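Here is the structure we will look at, set down as structure tokens.
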Amino acid sequence: MKLGYLQDVYDNRGPFVTVYLDTSGNVEDASRTVGLRWRSAREQLSADGASEEDLGAVDEVVGAHQWRAGQRGQLVIAAGGEVVFRDELPDSPEEFSDDELARVGPLPHLMPYLRLRSPRVPYVLGLVDRTGADVHVVDAGRHSGSVSVEGESGPVHKSHAAGEGHEKSHHDAVEEQWRRNAEQVAAAVDEQALRVAAETIVLAGERQIRRMVHDQLRKGFRDRVVATEAGHRDRNASEQTLQREVAEAVDAVVREQVDSAVQDFERELGQRDRAVDGWADTVTALQRGQVGTLLRSRSEVGDPPASLWIGPDPKQIALDRSGLAELGVSDPEQVSADEALVRALVGTDAELVLVDPERKLLTAGIGAVLRYTESGGGG
């Protein structure tokens, strides 16, 4: 799970107000119910020292939704009198503790969000036909956009009435027009895929044109293509079948990423090379900027530390206060362990992989695959 889209959050100075709200719309008078939940959380935050400016900023966006009826939730983070991050949750945070639902502190409380929210996989969806395509793009921050490609004018439909002796040349001309239009579509898909670092590309629409577009994509993108006949340019691109196909393609990427990270961890740990297991060694690796991928159990394993100590820099993280004194931090702060972890990962451009505890992979619920070892080996 890439976390770079969260960097803007940490560019702000704390304290941060973090609020998780159950905003489900499947109850009678849902708006009033959400308002009551927010009022209770607001009172708790105010008692915990949240500023009226930050609370007022949250007031403005509570209950605002862009998608999904029924069970749902909302995350809002405010700092400096402004909302610095907000997102929809795919389910209600009803199982969160009171402390997780509303918190004010030096860092935002993002791990519950990352555990509930599916990893963000940037992707490109191309709805293609003989005349061009509608290319839809979603980046790692779930910001979306689209571009349309209109191919060259010319015959795009084969006719059997071209006249004896001319039918073959007519069909050849039509297929050449398809090829040229597919080439323009492939160029647009390439451009958008490069722009958002797409991890999967879904091509939907006419089978023959999909194949032409696929064959003209950049070589590195061809093996990322998932093809489907669901969806056409003359239909609503958000139709249910197409949405399901896109979701399945994204889920497949996520599964591959998790499996790959687990395999890397097991291999490197077995070699006692580029992997560490447990809190002490993982925190030390974060201090050194060694962590390429942090593996964290989706639920707690063993007896994890309730808090860690941090300094101003993301790599200034330690199990105890004395560990930061050794790093030259004169005024460290104590924060929840997961708050410190997420900031360190974002600040060092490391990835996060959440692992089901049933795998029994992590003896203390945490481990990491390293970028390099102290001996200088990069693997």
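The values are calculated or read from the model by the stated rules, or taken from the named source; none is laboratory data. Bear in mind the structure is a predicted one, so any value in this text is a computation, not a measurement. Quick reminder, even Gly has a Cβ in these numbers, built from the backbone with ideal geometry, and neighbours come from all protein chains shown.
Remarks
- Residue check: ASP356 meets all listed conditions (1) surrounded by 15 or more Cβ atoms within 10 Å (Cβ to Cβ); (2) acidic (Asp, Glu); (3) within 23 Å of the chain's Cα centre (by Cα) but one, namely (1).
- Residue within segment 108-128 that is crowded, with 19+ Cβ neighbours inside 10 Å, over 23 Å from the mean Cα position of the chain (by Cα) and of a type in the set (Gly, Ala, Ser) present: no
- Residues that are over 28 Å from ASP8 (Cβ atoms) and assigned to a loop (DSSP other than H, G, I, E, B), drawn from segment 331-371: ASP356, LYS360, LEU361, LEU362, THR363, ALA364, GLY365
- So ASP264, is it surrounded by 14 or more Cβ atoms within 10 Å (Cβ to Cβ), touching a residue at least 24 places away in the same chain (Cβ under 8 Å) and out of contact with any helix residue (DSSP H, G or I) (no Cβ under 7 Å at 6 or more places or on another chain): yes
- Answer residue from segment 5-23, given it is touching a helix residue (DSSP H, G or I) at 6+ places or on another chain (Cβ under 7 Å) and not charged (D, E, K, R) and is modelled with the lowest pLDDT among those: THR23
- Being in contact with a helix residue (DSSP H, G or I) (Cβ under 6 Å, 6 or more places away or on another chain), of a type in the set (Gly, Ala, Ser) and more than 23 Å from GLU358 (Cβ to Cβ) is a description that applies to GLY311.
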